[in-house]
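The values are calculated or read from the model by the stated rules, or taken from the named source; none is laboratory data. Because the structure is predicted, anything quoted here is derived from the model rather than measured. Note: ideal-geometry Cβ built from the backbone for every residue, glycine included; neighbour counts use all protein chains shown.
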Amino acid sequence: MNPVELKYNKEHEYAKVEGNIVTFGITDHAQESLGDVVFVELPDVGTTVTAGKSYGTVESVKAVSDITASVSGKVVEVNTQVMDSPDLLNSEPYGEGWLIKVEADDLSSLDSLMTAAEYEAFLAQEEH
């Protein structure tokens, strides 16, 4: 089940909003599709990310996938644990497996993201 407090995009990434700090990660569906994650490339603290643009990559035994920012802003925290232990993305995508935290310039780009219920419906359609 996908946590209801998060917002989701069609690339199977989530955004958790706490004030103007937004935490990015990949969904459970994404980690399942990818298989075992072996490498994660993330930006440094202080880097600026742009909504809709790639900010890093997740590499699994099956594929290399770009990860996309949901909002524009400055990276204020990077989960170095995930870089050391990429399997956290498989075991705890919504917990210890988060990727980066961004201080958002503007939260309006989140309006285009899906709620948990909308994301569940999107997944159901995608499977057909």
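Annotations for the structure displayed:
- Being among the hydrophobic types (A, V, I, L, M, F, W, C), modelled with pLDDT of 95 or more, surrounded by fewer than 16 Cβ atoms within 10 Å (Cβ to Cβ) and part of a strand (DSSP E or B) holds for only one residue in 39, 24, and it is 39.
- The stretch 1-14 - residue that is within 10 Å of the chain's Cα centre (by Cα) and part of a loop (DSSP other than H, G, I, E, B) and, of those, surrounded by the fewest Cβ atoms within 10 Å (Cβ to Cβ): 11
- Checked against the criterion of being surrounded by fewer than 14 Cβ atoms within 10 Å (Cβ to Cβ), of a type in the set (A, V, I, L, M, F, W, C) and within 21 Å of residue 105 (Cα to Cα), the candidates 45, 49, 17 yield just one match: 45.
- Among the residues of the stretch 93-112, those identified as out of contact with any Phe, Trp or Tyr (no Cβ under 9 Å at 6 or more places or on another chain) and of a type in the set (D, E, K, R) are 96, 103, 105, 106, 111.
- Single unsatisfied condition, residue 29 versus (1) outside any strand (DSSP E or B); (2) without any contact (Cβ under 8 Å) to a residue 60 or more places away in the chain: (2)
- Every residue from the stretch 75-85 that is of a type outside the set (A, V, I, L, M, F, W, C) and surrounded by 19 or more Cβ atoms within 10 Å (Cβ to Cβ): 79
- Selection over the stretch 64-121 of residues that are of a type in the set (S, T, N, Q), farther than 17 Å from residue 35 by Cβ and in a loop (DSSP other than H, G, I, E, B) gives a count of 4.
- Some residue of the stretch 31-54 being under 29 Å from residue 127 (Cα atoms), touching a Phe, Trp or Tyr at 6+ places or on another chain (Cβ under 9 Å) and of a type outside the set (A, V, I, L, M): no
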